[in-house]
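The block underneath contains the structure these notes are about, expressed in structure tokens.
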Amino acid sequence: MNWKMLLAAAATATALTHAVPAFAQEDNGPAAGGPAIYEAALKGKRVALVPMAMGFDLAQGWAAILKREVEGFGGTFETRDPNWSVEAGAQAITELISSSTKPDVLVIMAPDLNSYVKLMKKAQKEGIYVILIDNPANFKADAYVGGDWNRLGQLEAEAVIKGCGDKSSKKIGLVQGDQVNATSLYQYAGIMKVLEQHKDFQVVAKPDSNWDATNSRNVTTTMLQQNPDICGIIDFWDGDATGAAAAIRDAGKQDQVYLVTTGGGEENATCKNIQDGNFDAVVSTELYNESEAMVAVIKYLLQSGQPPGTASPYLYTLMSTVTKDNLTPRSCWSLKALQDAAK
């Protein structure tokens, strides 16, 4: 090695000697200040949840997890209960936006694609981040967290096809929610996408339940009377699928009709109904994963400094189809346990 090479090697070594401490110091500086940055961005912030109603497991589960997390970072959490009324929901959002203690983040479960759009745009103009939970809308939210309902419908269709089997009548029925809610519309589109690939399966009835168990029971009873050889039914929500299950049971067709629905995986709504034979398959949107994604995006937005409406990511929940064959103690969650933990 000549003297030029030695000098070059020495210069390189000197540069690396000085570079490594500088890098470490630069890296450790912000990291050491992380807790202070986190507290400054989150402490005292207000988060409000406006679901379609507070009287069902998903809304209560979200509220329990959000309450624990928001209060854990020094914020304030509150809920509003529209009790299935679009007008009451709109009024609740209006009051929150105009309040002197307006929230920093609004988490909204939209009843349909358009009803709350103007109000959600107004919230963003007022500096409030808007997160859509579970139900999509025609609105550029700061994040959508929940299921991909088209894909969910595909999973339901795959489940009912498998449940009916090749030797069945291949006649199926759908108990839809309504004709304006995005979850119902996208779910239907997903089901039909799969059935396009299985031309031998036929949808013989597709009434709406308007998300009501009594309506579901009545329309399912009629469906079974008009189509006594039906092999499978997809009800669009476990909250009203209990009505469809009762109609199937009343007709003595539990061994003949394969009932598929969807839900958030609460132990009484999902696992117990599967164990008792009321539901044959439930496509679960897994509330824990959904809620953790929601909490993460809230923490990110509050630290980001970006104006509301800047970005609109989709955080889709990984879904699973739960049946008696794959049911485990971890397939469901306990609402009581969540609520106890949030006290």
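The values are calculated or read from the model by the stated rules, or taken from the named source; none is laboratory data. Since we're looking at a predicted model, the values are computed, not measured. Glycine gets a Cβ as well: all are built from the backbone with ideal geometry, and neighbour counts include every protein chain shown. The accessibility values were calculated without ligands, DNA or RNA, using every heavy atom of the protein model including side chains. Shrake-Rupley method; radii C 1.70, N 1.55, O 1.52, S 1.80 Å.
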Can you tell me which residue among ILE65, ILE97, ILE93 is closer than 23 Å to TYR300 by Cβ, touching a Ser or Thr at 6+ places or on another chain (Cβ under 7 Å) and either of a type in the set (Val, Ile, Thr) or without any contact (Cβ under 8 Å) to a residue 60 or more places away in the chain (or both)?
-> ILE65
Please state which one of PRO111, PRO103, PRO30 is open to solvent by 40 Å² or more (accessible area, probe 1.4 Å) and either modelled with pLDDT under 95 or not basic (Lys, Arg) (or both).
-> PRO30
When the stretch 70-93 is checked residue by residue, the ones that are of a type outside the set (Gly, Ala, Ser) and either at pLDDT below 95 or open to solvent by 60 Å² or more (accessible area, probe 1.4 Å) (or both) are GLU71, ARG80, ASP81, ASN83, TRP84, GLU87, GLN91
Subset of the stretch 68-88 (residues that are under 22 Å from LEU335 (Cβ atoms) and touching a residue at least 24 places away in the same chain (Cβ under 8 Å)) | ARG68, GLU69, VAL70, PHE77, GLU78, THR79, ARG80, ASP81, PRO82, ASN83, TRP84
Checking SER209 against (1) among the small types (Gly, Ala, Ser); (2) open to solvent by 10 Å² or more (accessible area, probe 1.4 Å); (3) closer than 23 Å to ALA59 by Cα, which single condition isn't satisfied?
-> (2)
Report yes if THR261 is within 30 Å of ALA48 (Cα to Cα), buried (at least 17 other Cβ atoms within 10 Å of the Cβ), in contact (Cβ under 8 Å) with a residue 12 or more places away in the chain and in contact with a Ser or Thr (Cβ under 8 Å, 6 or more places away or on another chain), otherwise no.
-> no
Test: LEU327 is farther than 27 Å from LEU106 by Cα, of a type in the set (A, V, I, L, M, F, W, C) and surrounded by fewer than 23 Cβ atoms within 10 Å (Cβ to Cβ) | yes
Within the set of pairs 6+ apart or on separate chains, which have a first residue in the stretch 288-303 that is more than 17 Å from ILE108 (Cα to Cα) and modelled with pLDDT under 95, a second that is open to solvent by 60 Å² or more (accessible area, probe 1.4 Å) and not basic (Lys, Arg), and C-beta atoms under 9 Å apart?
-> ASN289/LEU318
Please state which of the following conditions VAL145 fails to meet, knowing it meets all the rest: (1) out of contact with any helix residue (DSSP H, G or I) (no Cβ under 7 Å at 6 or more places or on another chain); (2) touching a residue at least 60 places away in the same chain (Cβ under 8 Å); (3) part of a strand (DSSP E or B).
-> (1)
